[in-house]
2 protein chains.
Amino acid sequence: MSQKVGIPKGTRDFTPVEMGRRNYIFNTIKEVYRLYGFEPIETPAMELLSTLLGKYGEEGDKLLFRILNSGNFLQGVDLAKLDPNKFQELSGVICEKGLRYDLTVPLARFVVQHRDEIIFPFRRYQIQPVWRADRPQKGRYREFYQCDADVIGSDSLIHEAEIVMMIDEVFSRFGVRVEIKINNRKILSGMANRINRPDLLTDITIGIDKLEKIGIDNVKTELLNKGLTEQEFQTIKPIILLQGSNEEKLRAMSVMFEADAEGKKGVEELQQVLDILRTYELKNQLQIDLSLARGLNYYTGCIFEVKALDVSIGSICGGGRYDNLTGVFGMPGVPGVGISFGADRIYDVLEQLNSFPESVSRSVQAMFVNFGANEVIFAVETATRLRRMGVAVDVYPENAKLKKQLNYADAKNIPFVIFIGDQELKTRSYGLKNMVTGEQQTVSFEQLVSKLTQ
Amino acid sequence: MSQKVGIPKGTRDFTPVEMGRRNYIFNTIKEVYRLYGFEPIETPAMELLSTLLGKYGEEGDKLLFRILNSGNFLQGVDLAKLDPNKFQELSGVICEKGLRYDLTVPLARFVVQHRDEIIFPFRRYQIQPVWRADRPQKGRYREFYQCDADVIGSDSLIHEAEIVMMIDEVFSRFGVRVEIKINNRKILSGMANRINRPDLLTDITIGIDKLEKIGIDNVKTELLNKGLTEQEFQTIKPIILLQGSNEEKLRAMSVMFEADAEGKKGVEELQQVLDILRTYELKNQLQIDLSLARGLNYYTGCIFEVKALDVSIGSICGGGRYDNLTGVFGMPGVPGVGISFGADRIYDVLEQLNSFPESVSRSVQAMFVNFGANEVIFAVETATRLRRMGVAVDVYPENAKLKKQLNYADAKNIPFVIFIGDQELKTRSYGLKNMVTGEQQTVSFEQLVSKLTQ
């Protein structure tokens, strides 16, 4: 019996054309990671729920996909005692595994588990899918890839500088103009300290994070609601809104934070990153943005965010430094700094800008037309010679109508078609048609190679 | 509070060294697929259980990993009515998704779902993990990658010939000597027809499949138990054990199957595949093996299997032709032929033969020793120039003890170390140490480039 076909909501199939584009994105990012000494790892799609639970907040726990235990998962469960409203209780009993929710917790688990084999500082990258039971909507999926790079076990600010370089290099390769924003969490702490409200650091961070979206007046309302006084707000407002060049901002902040060790440290760290970048000619603008906060609580030093200049789509890359990646797994005091490229958004940006190279949606360079059993033997022989030279070719498998064969080449975006008829077979030559220009000529094998590889 | 770390049984982490080796395997296979015109697709890790169930037999259904529905999965479930022994019934209610079990059913679903966009014949490859709740044991995992290529929508035997070429090419690239076995399911049918026992075709196939493992006498016992007579067995025995060159086997079979259309067709198909391969110089032996049966019922034409000659490990690659990939999804009459490389076993073979190229476990070509803030600026500047030329380099991030820095380079298998001290800084030169030979010299930037890229 036949059945309807479909896939779970929020998931996607990727066709060859989409794969060509996605691989272009992944390969570009991988190549830059490689140049900077990052090495790949992979972790299992399934992690133990004990590894995942409690790491993403209450909301995150709800968004985990849980995997039913194999075999009789009800063994030992007293159904009579179950309250159907306490489904979460039951899920803890009948599921011990879940799909990974991000690549950071698996990295922390990996570092702890392999601490004795890992060479620190550990520069790893990881490009794998993650799963979240989010409500699917435009641009938000239940299965999507993350492209993370982190350096674990080093405090050096060289990594922050290299992260800026990598961002600059990746988007240059994509031909996408971006603005790279940098800030430092210690400056946010310095602000809170300066008004003697370190208790409100998280609220201030969350408030400032919304500046671009809701404007300074709404941020003010929110912060006053959280308990900031008008005067306290007026003290930090000029810092948040500080304008000018990076040097001007750093100079102004040096003065502001003269008396606060933490704020001062943040300014110094930004200064050092800029110093290391001095000899590097950035192709994109790097801008200190004191309103950049990034929601995640675990950042402790420099933070980064990247916006496309020519497409309005939100952040397409972000990251920062953290102090305690692995503490929750019993290995305290391991610092790190990391970055993550948003592949799906980058895909949309490249599509909107029409910036995918033509070559990424083309995998075959030429197709041999099939005129019958004898001709095809010569076609296969030539195809083998071309393939041994690295040229990808199709031999059309059936002696179908020419129109059908040419339609296939056209639909697959194959740039050249090769005819082998009676005459060509006799003289061991080839009819070569350029599918773009329509130009057709008879060529020798050497000419064929030169046309297909030029 | 800290907690124990671990991963679900039967799953694996892959370290950078393992990733280098695995990517070498995947990239080699991908490159050969590409040369033969195959294009990549990807499908979601999760499929609807309605897609997966009933496709892998009763045993397969049990081995599916099921994903608990999000939210209150117990809503509408009458717990009082549940029999704890009927856990499978409940799992059908609380789970609607499962992890994919192989790449063939998702391919069939993909072809039906995208039938209007796909250009047939559809040459696709897919390299993704699959999940099975099997009992884990040496070499058998609950998460593992499959590397499949299939041509959908074409009866042409060119594809069979090209599959043999791809197998030959992949293992030549790996430097692994293999024997490629080929047979045709129609010949097995012919055998059953010849003794007028088409009813026993499946039993004969399953019996013959075990020949290598249990020997001809045990196969005989098994077949007689299934209802074959002594005389019937004596009739097919010489076919199963047929020896000689491929040509001799084909000739003998032509005579045997003169009166049986199906057996004859099988012989002709094998002959045609060999004809198409005539101009192709195989580097490995292709052998018609009439005892090759391959368990899966859905094969209908040529079947393939590959064994390593220098390592005893079972089949490392296999595949065949099928007639009805998508019938179960309401799209009948779609033929195809496919192949699958066993990446995990190939890994073991390459490891045992010590055949991984040295370069695959090395990602960085040189490391800059860090002698302090001033020196490191010049190191970063030089690193940038090298990276822009495609050379991957590390800058050691801290001014740590030299021994520690060199140990890092050593442990990461980095072949060159670059020193920038006072003197080098002044003259803009570099101390270059070859970590393998221990040789050390002072070089200019141009000499550095030439050393690192040779």
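The values are calculated or read from the model by the stated rules, or taken from the named source; none is laboratory data. If you're wondering where the values come from, they're calculated on a predicted model, not measured in any experiment. Heads up, the Cβs are rebuilt from the backbone with ideal geometry, glycines too, and the neighbour counts pull from every protein chain shown. Areas reflect the complete protein model, heavy atoms only, side chains present, ligands, DNA and RNA absent. Shrake-Rupley method; radii C 1.70, N 1.55, O 1.52, S 1.80 Å.
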Subset tally (residues that are part of a helix (DSSP H, G or I), in contact (Cβ under 8 Å) with a residue 12 or more places away in the chain and of a type in the set (Asp, Glu)) for segment B:248-282:
2
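Among the residues of segment B:402-409, are any over 28 Å from A:LEU277 (Cβ atoms) and touching a helix residue (DSSP H, G or I) at 6+ places or on another chain (Cβ under 7 Å)?
No: segment B:402-409 contains no residue that is over 28 Å from A:LEU277 (Cβ atoms) and touching a helix residue (DSSP H, G or I) at 6+ places or on another chain (Cβ under 7 Å).
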Of the conditions (1) free of Cβ contacts under 8 Å to residues at least 60 places away in the same chain; (2) over 26 Å from B:PRO16 (Cα atoms); (3) more than 8 Å from chain B (Cβ to nearest Cβ), A:PHE14 clears all except one; give me its number.
(3)
Find the residue count for segment B:72-114, including only residues that are modelled with pLDDT of 95 or more and part of a loop (DSSP other than H, G, I, E, B).
5
Restricting attention to segment A:74-120, and to residues there that are within 8 Å of chain B (Cβ to nearest Cβ) and of a type in the set (Gly, Ala, Ser), which single residue is surrounded by the most Cβ atoms within 10 Å (Cβ to Cβ)?
A:SER91
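Please determine, by comparing only the residues of segment B:234-247 that are within 19 Å of B:LEU292 (Cβ to Cβ) and in a helix (DSSP H, G or I), which one is most open to solvent (accessible area, probe 1.4 Å).
B:GLU247
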Sole exception among (1) more than 7 Å from chain A (Cβ to nearest Cβ); (2) open to solvent by less than 10 Å² (accessible area, probe 1.4 Å) for B:PRO8, by number
(1)
If you scan segment B:374-411, which residues turn out to be charged (D, E, K, R) and within 22 Å of B:GLY438 (Cβ to Cβ)?
B:ASP394, B:LYS401, B:LYS403, B:LYS404, B:ASP410
Are any of the residues in segment B:405-416 farther than 27 Å from A:PHE120 by Cβ, open to solvent by less than 40 Å² (accessible area, probe 1.4 Å), in a loop (DSSP other than H, G, I, E, B) and of a type outside the set (Asp, Glu)?
no
Applying the selection to segment A:290-314, what residues are part of a loop (DSSP other than H, G, I, E, B) and surrounded by fewer than 22 Cβ atoms within 10 Å (Cβ to Cβ)?
A:SER291, A:ARG294, A:GLY295, A:LEU296, A:ASN297, A:TYR298, A:LEU309, A:ASP310, A:VAL311, A:SER312, A:ILE313, A:GLY314
Restrict the check to segment A:388-404 and report whether at least one residue is surrounded by fewer than 21 Cβ atoms within 10 Å (Cβ to Cβ), in a helix (DSSP H, G or I), facing chain B (nearest Cβ under 9 Å) and on the phi < 0 side of the Ramachandran plot.
yes
Limited to segment B:315-373, what total is found for residues that are in contact (Cβ under 8 Å) with a residue 40 or more places away in the chain, open to solvent by less than 10 Å² (accessible area, probe 1.4 Å), among the hydroxyl-bearing types (Ser, Thr, Tyr) and not in a loop (DSSP other than H, G, I, E, B)?
0
Quickly run through segment B:121-159 and pick out the residues that are more than 10 Å from every other protein chain (Cβ to nearest Cβ), within 30 Å of B:GLY10 (Cα to Cα) and hydrophobic (A, V, I, L, M, F, W, C).
B:ILE127, B:VAL130, B:PHE144, B:CYS147, B:ALA149
I need the full set of residues from segment A:4-24 which are touching a strand residue (DSSP E or B) at 6+ places or on another chain (Cβ under 8 Å) and within 22 Å of A:ASN354 (Cβ to Cβ), in order please.
A:ARG12, A:PHE14, A:PRO16, A:MET19, A:GLY20, A:ARG22, A:ASN23
Can we say A:TYR56 is modelled with pLDDT of 95 or more and of a type in the set (Phe, Trp, Tyr)?
no
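Quick grid of which residues meet (1) of a type in the set (D, E, K, R); (2) closer than 22 Å to A:ASN297 by Cβ; (3) within 14 Å of chain B (Cβ to nearest Cβ):
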position: A:GLY175; (1), (2), (3): no, no, no
position: A:GLU179; (1), (2), (3): yes, no, no
position: A:LEU188; (1), (2), (3): no, yes, no
position: A:LEU200; (1), (2), (3): no, yes, no
position: A:ILE208; (1), (2), (3): no, yes, no
position: A:GLU212; (1), (2), (3): yes, yes, no
position: A:ASP217; (1), (2), (3): yes, no, no
position: A:THR221; (1), (2), (3): no, no, no
position: A:ASN225; (1), (2), (3): no, yes, no
Under the condition of being of a type in the set (Gly, Ala, Ser) and within 15 Å of A:ASN184 (Cβ to Cβ), which residue from segment A:249-289 is most open to solvent (accessible area, probe 1.4 Å)?
A:ALA261
Segment A:32-71: number of residues that are of a type in the set (S, T, N, Q), facing chain B (nearest Cβ under 7 Å) and either outside any helix (DSSP H, G or I) or touching a strand residue (DSSP E or B) at 6+ places or on another chain (Cβ under 6 Å) (or both):
2
